[in-house]
Amino acid sequence: SVNTAKAQWNGTLKEGKGTMNFTGYEGPFNFASRFEDGSETNPEELVGAAHAGCYSMFLSALISGEGLTPTSINTTATVTLEKDDIGPNITKIELVSDVVCEGLSQDKFNELAAAAKEKCPISRLYAGSTATIELTATLK
């Protein structure tokens, strides 16, 4: 599968503005939304959305492989952007996932949640990078 997203930026870093778009989404971004408290989106927010979606789908696949059907998997990803010697850098992604699935034991849930954290494609993208991925998963 090959997917495409686009971004356009106009102007300088601090005064400029841009638009990111992909299937079903188009949103503005600017310096304030990325490095301050602006109300538009930013690349890190979209990385978080991608990671939350990827993790949720991968965990669903693992649970389904056990012959169970999850009622819901709600995942939030918090992406931390910090500055290092080179410049801005994603240093941490925190996944918090709440799962409702009848018939899933706590032990099996813990095993599958950890496996999804390691094996979903977005997690694998960050493997070996300077970013750490932390997981808090709760079976409700």
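Brief remarks on what is shown
- For LYS92 and LYS119, the difference between the fully extended length at 0.36 nm per residue and the C-alpha to C-alpha distance is 8.0 nm.
- Taking the 1.4 Å solvent-accessible surface of region 1-54 as the whole, the part contributed by carbon and sulfur is 51%.
- Residue-level accessible surface for THR136, protein heavy atoms, 1.4 Å, Å²: 80
- Measuring against 20 Å, Cα to Cα, the residue pairs LYS6/LYS92; LYS14/LYS83; LYS83/LYS119; LYS6/LYS117; LYS108/LYS140 contain LYS6/LYS92; LYS83/LYS119; LYS6/LYS117 as the ones spanning a longer distance.
- Overall Cα dimensions of region 1-130 - principal axes, largest extent first, Å: 54, 35, 28
- Protein heavy-atom accessible surface, 1.4 Å probe, per residue over the chain: 62 Å².
- The angle separating the long axis of helix 106-119 from the principal Cα axis of greatest extent in the chain is about 40 degrees.
- Beta bridge orientation in the chain: antiparallel %, DSSP, nearest 5: 70
- Here, region 53-110 has an Rg and a Dmax of 15.5, 49 Å when only alpha carbons are counted.
- Virtual spin-label span in nm between SER105 and ASN21, 7 Å along Cα→Cβ: 5.2
- Here the sum of -39500 (n - 2.57) over DSSP H runs of 4 or more residues, divided by the residues of the chain, equals -10500 deg cm²/dmol at 222 nm, to the nearest 500.
The values are calculated or read from the model by the stated rules, or taken from the named source; none is laboratory data. Fair warning: this is a prediction, and the values are worked out from it, not measured in the lab. Positions of Cβ are generated from backbone atoms using ideal geometry, with glycine treated the same way; all protein chains shown enter the neighbour counts. What goes into the accessible areas is simple: the full protein's heavy atoms, side chains included, and nothing from ligands, DNA or RNA. Shrake-Rupley method; radii C 1.70, N 1.55, O 1.52, S 1.80 Å.
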